[in-house]
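Reading through the structure tokens given below for one structure.
Where a number appears in this text, it was derived from the coordinates with a stated rule and is not lab data. Bear in mind the structure is a predicted one, so any value in this text is a computation, not a measurement. A quick note on method: Cβ atoms are made from the backbone with ideal geometry, for glycine too, and the neighbour counts reach across all protein chains shown.
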Amino acid sequence: MTGELNQLELSTGLVGGLALFLFGMDIMTRALKQVAGNSMKTILARMTGNRLFGLVAGASVTAIIQSSSITTVLLVGFISAGLMTTAQSVAVILGANIGTTITAQILAFKVTALALPVLSLGFFVSFIAKRKVTREYGRILLGLGMVFFGMAIMSDAMKPLRSYQPFLDFMLSLDNVLLAALTGAVFTALVQSSSATTGILIVMAGQGLIGLEPAVALALGANIGTCVTALLAAVGKSREAVRAALVHTLFNVAGVLIWIGFVAELASLARLVSAAEAATDSARIPRQLANVHTFFNVANALIFIGFTAQITRFVEWLVPDRVEKAEPRFAPKHLDPKFLVVPAIAIDAVRLEILRLGGLVRDMMAAAIPTVTTGSPVEVDQLRVMDRPVDLLHREIVGYMRQISLSSLPSDQSSMLMGLVRIANDLEHVGDLIATGMVTSARKRIDENVVISRATAAVIAELHREVVGALDGTLASLESQDAADATEVRKMKAGFSALIEDIAGHEIERLRADEPKRLHTYTREIELTETLDDIFKIIRRIARTEQALFAKPGRERAA
């Protein structure tokens, strides 16, 4: 019974400690993404063809979210949404593995003694703090404390293994570096976290249960196992998304193949670098493992950074282009569910999708007046049908924004989301005004056999150009996230009002004209003028929302 009891204690200690470790990582990562989400968005949004910048960006983002797999999954989403190309993603993927080494460096210190103090401090800060950002910092500490506590539990549970012969025999078998690397890859694929694998290795090293060489081989294997998440995320995605996941896999596998024959040399280098860091082997090996883990990931990135173009061509050869199925116009391109794990990026994806919605409305607006004033019944029906994609895409956007709102958002992200909701609703309203008000007026014109004079059509066309120009200004402001264009739209009020007055005077003059169906013609012309006026007011409302969202501190807003 004693042997069974010991095995039960061992298994529950290991599984329970690992569960606490992974749960703490999840809490910490979620809080980090809330606190640093805007920074992540800025880092990735400023991606350029500069390889070194991409490398630093990949390392920085992964250091924030502590998962190279999640970074690659985000990149797969960006590529699927058309936000970047495979070539742009290669350098970021190379940098991602560097970011994950931060965890190992922290865990290699004797941190288990800090577990309960850090956990307690994190709990009370997250429980008591009134400001959301302070609560998130508390949750970061809470998660970190749980990671440390999970390591402490695993460390205590592993102590009996030092005299358990079957385990010692298994450890001896790991002197075969290929078997050790395979074991590390399989375990990491199962727990979906190379940080967890590294954490367990550091615990085992601290207990004297594993030597540096097999630990290095296991850590090398963990770099392969972490690719599984990215490969699964790419299933069913575009060819470029599959290529990004493949870059991650090829880079990690090639990196392991480069170093697998030099495990002994890596261990010797780690001992040389870390010789003075601790007095005993059990204290030294965790630091040595963390240092060698950082070294080979940085070395791999520097080796491959000069070959990003060749890597891109290779994966394009492995995964050639194919004819993609044409997507309907209302199908969203940017609203990837995977972005929801980082609300700041998901909100920016909404902004980009609303730009597409604005483009559809702009197409309707451009076609509206020519169709309504002189179009045939078929052209009028085509104008009405143009509103269908607008309605469907608007529904998709609102549904995605609802999913974002289910997260606990900081006040700035919540304000941005609410502003984008208003802009999307206003754009959809403009589409409805065209598809109902203008189309109905056009059908009446056709039924009544009304002919709008060239002079009046020219005046209405001038008003129409002003409205289209205002819409273009709001879309430019939304794209650049700068209030300057929106402010210019707000300033158009005086000129537009004067134009409305001129048209009213023109209509009165035309009403006096001795022409057939003059009253019917006047009614149709006034309907168009009033609808354009209503649309212009909605566009100015969009501009006002953009001023609030994008105004720089200290910049004066127009009325």
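Average projection, convex hull of the Cα set of the range 337-550: 11.7 square nanometres. Taking amide H as placed 1.01 Å from N in the peptide plane, residue 84 has its amide H under 5 Å from the amide H of 79, each at least 5 places away in sequence or on another chain. Within the range 99-164, the trypsin sites (Lys or Arg not before Pro) that combine a DSSP coil assignment with at most 14 other C-beta atoms in a 10 angstrom radius are 110, 130, 131.
Remark: relative contact order (the range 386-485) = 24 percent; criterion is Cα-Cα distance under 8 angstrom and separation of 6 or more residues.
Highest average first, the peptides 406-417, 468-479 ordered by how many other beta carbon atoms sit within 10 Å of their residues are 468-479, 406-417. Residues whose amide H lies under 5 Å from that of residue 226, counting only those 5 or more places away or on a different chain, are absent; hydrogens are built 1.01 Å from N in the peptide plane.
Multiplying the residue separation of residue 19 and residue 415 by 0.36 nm and subtracting their alpha-carbon distance yields 139.0 nm.
The phi torsions of the range 412-419, fed into the Karplus equation with coefficients 6.51, -1.76 and 1.60 and a -60° offset, translate into couplings of 5, 5, 5, 5, 4, 5, 5, x Hz, rounded to whole numbers, with Gly and Pro shown as x. 3J(HN,Hα) along the range 396-407, derived from phi through the Karplus expression 6.51 cos²θ - 1.76 cosθ + 1.60 where θ = phi - 60°, amounts to 5, 5, 5, x, 5, 5, 4, 4, 5, 5, 6, 7 Hz, with x in place of Gly and Pro.
What FRET efficiency comes out for the pair residue 440/residue 53, r = Cβ-Cβ distance, R0 = 41 Å, nearest 0.05? Calculated transfer efficiency: 0.15.
Do any trypsin sites (Lys or Arg not before Pro) in the range 422-507 lie in a loop, going by DSSP, with at most 15 other beta-carbon atoms within 10 Å of their beta carbon, and if so which?
Within the range 422-507, the qualifying trypsin sites (Lys or Arg not before Pro) (loop, at most 15 other Cβ atoms within 10 Å) are 491.
Couplings 3J(HN,Hα) for the range 182-194, derived from phi with the Karplus relation 6.51 cos²θ - 1.76 cosθ + 1.60 (θ = phi - 60°), are 5, 4, x, 5, 5, 5, 5, 4, 6, 8, 6, 7, 5 Hz, where x marks Gly and Pro.
Projecting label points 7 angstrom from Cα along Cα→Cβ for residue 257 and residue 182 puts them 1.7 nm apart.
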